[in-house]
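The values are calculated or read from the model by the stated rules, or taken from the named source; none is laboratory data. Note that the coordinates shown come from a computational prediction; the quantities given were computed from them, not determined experimentally. Cβ placement follows ideal geometry from the backbone for every residue including glycine, while neighbour counts extend to all protein chains displayed.
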Amino acid sequence: MELIYVIIGIVALLIGVVAGKFIFAKNTQKQVEEAEAQAQSIIKEAGIRAETIRKEKELEAKEKFVQLKADHDRDVMERNRKISESENRARQKEQSINQKEANLDKQIKENEAIKENLNRQIEVVNLKRTELEKHQEEHIRRLEKIAGLSAEEAKNQLVESLKQEAQTRALVLQQEIIEDAKLKAGKEARKIVIQTIQRTAAEQTIENTVTVFNLESDEIKGQIIGREGRNIRAIEAATGVDLIVDDTPEAILLSSFDPLRREVARLSLQRLVADGRIHPARIEEVVEKTRKQLEEQVMEIGERTVIELGIHGMHKELIRMVGRMRFRSSYGQNLLMHSRETANLCAIMASELGLNPKLAKRAGLLHDIGKVPDEETELSHALLGAKLAEKYGENPAVVNAIGAHHDEMEMQYVISPIVQACDAISGARPGARREIMQQYLQRIKDLESLAMGYPGVEKAYAIQAGRELRVIVEAEKVTDAESDKLSFEMAQKIQTEMVYPGQIKVTVIREKRAVNVAR
C-alpha cells in the first residue's frame, strides 16, 4: 500500500513538472513554483496516509493474533477438561469393578460354605434312606412269607382285578350317558333354540353411510351452498357431515359414518329449508337446537325401549346409551333392534332353563353398549361395556355377561353363555346382517374349489346364494356307495374349515349315460 502511494506521488510530481514546463512556456515562473509546491504537498500527504494505513494494519494484525491465541487457549482448556472427566470416569469404573470383584469373591466363599453344608446333609439323608430301604425290604419279606405271594404278584393281581371292574363300570356308564344324551340333550337343545327363534321377530334395517335429503326444487341448492360456499361450509363445520351437491335432481347427499351426525344434519337442513333463512349464524343456531332435541329423542327412545322390555331401575346414562343404539348399525344390522332381539332371546332361553329371565333380558339388552360410548377408547366394546355397566351399578352377573360375550373375560355366571349364544343367534342367522360382496364371492369360490379338490369330481356349482353345493362326479370313477361317502366328507370338511351363515346342503350327482349313434 505504501508503494502505491509513493508511485502516486511520483506520478503526481511528474505531472507537476510537465505541467510546470508547459506553464513555463506560456506563463510566468511563479506559476511553475506554485505547481511544484502543490506536487510536494501531494507527495507529503500520500506519505502520511501510507504511514497511517501501515499502523492500522499492524494493529489489526496484533488484534487477530490476540484473538487466535485466546481461541487456542480456550480449546486447550476444553480438551484438558474432557481429558480430566474421562480420567475421572475411568477411575470410577475401576473402583466399581474392584468393588464388584470383592463382592463376587465374598459370594463365592459363602456359596462354597453352603455347598459343603448341603453335601453333609445329603450324606445324612442317604444314610437314612439306606436304613429305611433295609427295613422296608425286611417288612416285605415277612408279608410275602405270611401271604404265600410275592409283592409284585399281589400288586399285579390287585391292579388287574380293579382294572377289569373299572372298565366294565366305565363302559356301562358311558353307554348310559351316551344313550341319555342322545335322547334328551339334542332334543332339548333344538327345542329351546327353535322355540326361542320362532317366538322372536325383529325388524331388519340396513344402515348406509349416506342419507339422501330431498328438495322441492334445484333452486334451493344455491341457497344451501350460499355465496362463495359460505353456507355449505358452515353446515359441514357445525354438523361434521359432508354435503355432496351434484347433478342428482332435487336431492343432496349427506355423507358420514356417524348416523347420529347424519340425522342432526338432515333435521337441521329440513328446518333451514322450511324457514328460508339460510346464513352461517342461523345455521349454527338451528344445528345446536336440533342436537339438543335429538338428545331428548335419544333419551325417549331408551326409556321407551326399557319400558317395553319390562326392565326397571336402570341408570339414566345406560338408558341414554340404549337410545343411541337406534342410530348405530353393526354389519348392516341396526344395533338397537339386535339388542332387543338378543334380550328377548335371552329371556326365553333363561325361562326354558329355569333361570332368572329378567336378569338375562337385562344383560342381553346391554351386551353391546360398548359400541356407543361418549368417548372412544382402546378397549374392545365388550370390555368397555362391562366397565360402563359396573360404573353405573349393574348386577355383577350382567357385568360379567357383557364382558364375556366375546370370550374376553372368564364366564363366572350361568347367564353369560346364554347371552353369548343369543348374540350369535341374532347376528349369524340368514338375513340378519348385510354381507360384503367380496366375502360372498370368496365364499362361493371356496365352496367350489373345495369340491373340485376331490378325485372323480367333474364339475361343482354353488347355488342358492351359497346355501347348496351341487357336485357332478364321473360315473366311471365314482360308484354309488362312494358318492354317499363323498357327500358326507364334503359336508364335514365345509363344517370344520369354513365360516358361513345358516347351513349348506351338499348334493352329489352321479349319472351313467349310454350313448350310441345310428349311422
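Evaluate the stretch 487-507: report whether one residue or more is surrounded by 11 or more Cβ atoms within 10 Å (Cβ to Cβ), among the hydrophobic types (A, V, I, L, M, F, W, C) and over 41 Å from the mean Cα position of the chain (by Cα).
Within the stretch 487-507, not a single residue is surrounded by 11 or more Cβ atoms within 10 Å (Cβ to Cβ), among the hydrophobic types (A, V, I, L, M, F, W, C) and over 41 Å from the mean Cα position of the chain (by Cα).
Kindly indicate whether any position in the stretch 431-451 is modelled with pLDDT under 85, surrounded by 14 or more Cβ atoms within 10 Å (Cβ to Cβ), closer than 30 Å to L359 by Cβ and within 25 Å of the chain's Cα centre (by Cα).
Checking the stretch 431-451: at least one residue is modelled with pLDDT under 85, surrounded by 14 or more Cβ atoms within 10 Å (Cβ to Cβ), closer than 30 Å to L359 by Cβ and within 25 Å of the chain's Cα centre (by Cα).
Would you mind stating whether A465 is assigned to a loop (DSSP other than H, G, I, E, B) and either modelled with pLDDT of 90 or more or over 28 Å from the mean Cα position of the chain (by Cα) (or both)?
yes
Kindly indicate which of I252, I278, I283 is in contact (Cβ under 8 Å) with a residue 12 or more places away in the chain, crowded, with 16+ Cβ neighbours inside 10 Å, assigned to a helix (DSSP H, G or I) and on the phi < 0 side of the Ramachandran plot.
Details: I252 fails: assigned to a helix (DSSP H, G or I); I278 fails: assigned to a helix (DSSP H, G or I).
Criteria check complete, one pass: I283.
Could you figure out which of (1) without any contact (Cβ under 8 Å) to a residue 24 or more places away in the chain; (2) crowded, with 20+ Cβ neighbours inside 10 Å; (3) among the basic types (K, R) isn't true of K391?
Going through the list (1) without any contact (Cβ under 8 Å) to a residue 24 or more places away in the chain; (2) crowded, with 20+ Cβ neighbours inside 10 Å; (3) among the basic types (K, R), K391 breaks only (2).
Tell me, yes or no, whether the stretch 235-242 has at least one residue that is under 37 Å from the mean Cα position of the chain (by Cα), modelled with pLDDT of 75 or more and among the hydroxyl-bearing types (S, T, Y).
The first filter runs over the stretch 235-242 and keeps only residues under 37 Å from the mean Cα position of the chain (by Cα), leaving 235-242.
Adding the requirement that they be modelled with pLDDT of 75 or more leaves 235-242.
From what is left, the residues that are among the hydroxyl-bearing types (S, T, Y) are 239.
Among the residues of the stretch 235-242, at least one is under 37 Å from the mean Cα position of the chain (by Cα), modelled with pLDDT of 75 or more and among the hydroxyl-bearing types (S, T, Y), which makes the answer yes.
Sort through E85, E36 and tell me the only one that's within 30 Å of L14 (Cβ to Cβ) and among the acidic types (D, E).
Exactly one residue qualifies, and that residue is E36.
Hey, can you tell me all the residues within the stretch 279-316 that are among the aliphatic types (A, V, I, L, M) and farther than 26 Å from V399 by Cβ?
A281, I283, V286, V287, L294
I'd like to verify a number: residues in the stretch 462-474 that are closer than 25 Å to A514 by Cα and loosely packed, with under 15 Cβ neighbours inside 10 Å, how many? Before the answer, list the steps.
First pass over the stretch 462-474, keeping only residues closer than 25 Å to A514 by Cα: 470-474.
Applying the additional criterion that residues be loosely packed, with under 15 Cβ neighbours inside 10 Å yields 474.
Of the residues in that region, 1 qualify.
Return yes when T377 is β-branched (V, I, T) and in contact with a Ser or Thr (Cβ under 9 Å, 6 or more places away or on another chain) and no when it is not.
Working: β-branched (V, I, T): yes; in contact with a Ser or Thr (Cβ under 9 Å, 6 or more places away or on another chain): no.
Taking the combined requirement at face value, the residue does not satisfy it.
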